[in-house]
1. Quick one: length gained pulling residue 139 to residue 32 fully straight, 0.36 nm per residue minus the C-alpha distance?
2. Round to the nearest 10 and give me the degree value, 0 to 90, for the angle of helix 98-109's Cα axis relative to the longest principal axis of the chain.
3. Taking Cα atoms, how many degrees apart are the long axis of helix 59-71 and the longest axis of the chain, rounded to 10 and kept between 0 and 90?
4. May I ask you to derive the relative contact order of the chain, considering only C-alpha pairs under 8 Å and at least 6 residues apart, and to give it as an integer percent?
5. What is the distance in Å between the Cα centroid of segment 66-80 and that of segment 17-63?
6. Nearest 0.05, what FRET efficiency do residue 176 and residue 113 give at R0 = 30 Å with Cβ-Cβ as r?
7. Roughly speaking, what is the stretch gain from residue 49 to residue 21, that is 0.36 nm per residue apart minus the C-alpha to C-alpha distance, in nm to one decimal?
8. Tell me, what is the FRET efficiency for residue 41 and residue 183 to the nearest 0.05, using R0 = 41 angstrom and their Cβ-Cβ distance as r?
């Protein structure tokens, strides 16, 4: 094998996803991922702590985006509007990797351990959003209510987007889910 090859991380992600979908997450080994990518296990571990991180590695960046959008929201924006803007920004990022996100969701849905990890990630996003809202001066319990509600809206919109045969934009699903929430809470 050559010493350095371009896009090792991308090749490892692609190889892992193919194997997860073909053989299942549990049945796939790091050695098989590395081999399919034409790389070594050592190279795999330079990019990922373990085979789960192939699926969850982008979580930190997404969390940072959510927080920054809430913190940078215009001053007159209410807490739910700040969260909505952050969710739409995250939706745009996921939209760019639509096929990857859909395939990732298929792998996660087939594995209870990965489903648990996904829920933990979403709970962490909610905590980060609540803290960002508190930094904007939103008191409790409003900060936590808006953050938790926002993540619930995001999760429902994401599932609907993954299952959408027309492949409409994820931000559109997020806006529609927020509109549904507003209608429900308005009593209509």
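1. Numbers: separation 107, 0.36 × 107 = 38.52 nm, distance 4.99 nm.
33.5 nm is the gain from fully extending residue 139 to residue 32.
2. It works out to around 80 degrees.
3. 20 degrees
4. Values: 174 pairs, mean separation 36.5, N = 188.
Once divided by the residue count of the chain, the mean separation gives 19 percent.
5. With segment 66-80 and segment 17-63 each reduced to a Cα centre, they are spaced 35 Å.
6. Details: r = 31 Å, r/R0 = 1.04.
Computed FRET efficiency for residue 176 and residue 113 comes out at 0.45.
7. Length gained between residue 49 and residue 21: 8.0 nm.
8. On the way: r = 52 Å, r/R0 = 1.27.
For R0 = 41 Å, the calculated efficiency reads 0.20.
Computed from the coordinates by the stated procedures, all read-outs in this text should not be read as laboratory data. Fair warning: this is a prediction, and the values are worked out from it, not measured in the lab. Every residue, glycine among them, receives a Cβ derived from its backbone with ideal geometry; neighbour counts consider all protein chains shown.
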